Amino acid sequence: MILRFLVACLVCCISATSLEAGIWDKLKSVFVSDENAEAPTIRVLIMHDAPYADIEVKGTYNLYDPYKNKRIATRFAAKGNRMHALSQGLKWGEEFPGVYQIAIFPDDRDISVSINGTDYRGKVYVYDIGGTISIVNEVEIEDYLASMMPNKFNRAITEEGLAAAVIAERTHAFHLSMYSENPYWHVRAVDVGYQGCDSENSDQRITEALASTRYMVMSKTGVYEGIVTPFPVHLVTGKNDLHYRNLAKISIDDIEVMSHQGDNAAKILAKSFPDASIEIMTGPHNKKDHVAQVKVTDYTSTR
């Protein structure tokens, strides 16, 4: 609903004399994803200071040394073995002398990497840190949200309320991935409840909300400034965590009240963050398409 309404508002903002093919092509390109574009990602620390990890790649893949930015090997078959650190380098069934960082790049998005029995999509980085290993999963932000959001909801929530919550969480995820000072990872799995791509943890309503708001984030600046700036947002789910006291907040309780009063997702966000706009962000390195930028209050006032 929020996506349909955004499209309708964009249409209303264009005068009848401006309905040229070029304009419509630009508008359409915002909502039709480029199949060749690399989806925005976030890096999640899933294991730290472990003595070893059982890692299985369930398909073809490439191995890289991220420190030297060099491909180590190409594998045309699945592989599973224990990964641990030796004094002379990492060992994963075979030894990799002089290699203390290994990146596993599956050849296809549907090829998962199992780590100690949990499946993960995307790239996996293994680091030897003082004889122990730490593992980071670089995953598409949409997959990250689909994994961690079900753990935040222990009650029913309206469709529009859920859409607002999804946009708020996506805004925070983009902020973490764009502005983190840590060059290796942006967030710890244990802190956010990220559990890989386990289908048993999936939630159909969250999946639908992610699809209907795909790549929508809130930003303090927009197309006129030439840059998008997602900001940190804490979605309050009932626990008053002082760690987030300096962040912009929106609570599930408030979302529910507004949605039951008839507010759609856009209006809920406009009331909570009146100085923000909604942006469509796609592409590698979290670049955005400089076409769809509408002030939240601009397209909610006509609802």
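Any read-out appearing in this document is the output of simple, stated calculations on the displayed coordinates, not a laboratory observation. Note that this is a predicted model, so its numbers are computed, not measured. Quick reminder, even Gly has a Cβ in these numbers, built from the backbone with ideal geometry, and neighbours come from all protein chains shown.
By how many nm would the segment from R75 to K58 grow when fully extended, if each residue of separation counts as 0.36 nm and the alpha-carbon distance is taken off?
Result for the pair: 5.0 nm of gain on full extension.
State the Kirkwood hydrodynamic radius of the stretch 41-140 in Å, one decimal place, computed from all pairs of distinct Cα atoms.
The answer is 13.2 Å.
From the square roots a ≥ b ≥ c of the eigenvalues of the alpha-carbon gyration tensor of the stretch 118-237, which class results: rounded (a/c under 1.5), prolate (a/b over b/c), or oblate?
Verdict is oblate for the stretch 118-237.
Pairs K152/K220; K58/K123; K220/K271; K70/K91; K58/K152: which exceed 20 Å Cα-Cα?
Over 20 Å Cα-Cα: K152/K220; K58/K152.
Once the piece of chain linking E181 and R109 is laid out straight, how much longer is it, given 0.36 nm per residue of separation minus the C-alpha distance between them?
23.2 nm
For the peptides 47-59, 160-172, what is the packing order when you average, over each peptide's residues, the other Cβ atoms within 10 Å and list the highest mean first?
So the order, starting with the most tightly packed, is 160-172, 47-59.
Could you order the peptides 104-111, 145-152 from most to least packed, using the average number of other C-beta atoms within 10 Å per residue?
145-152, 104-111
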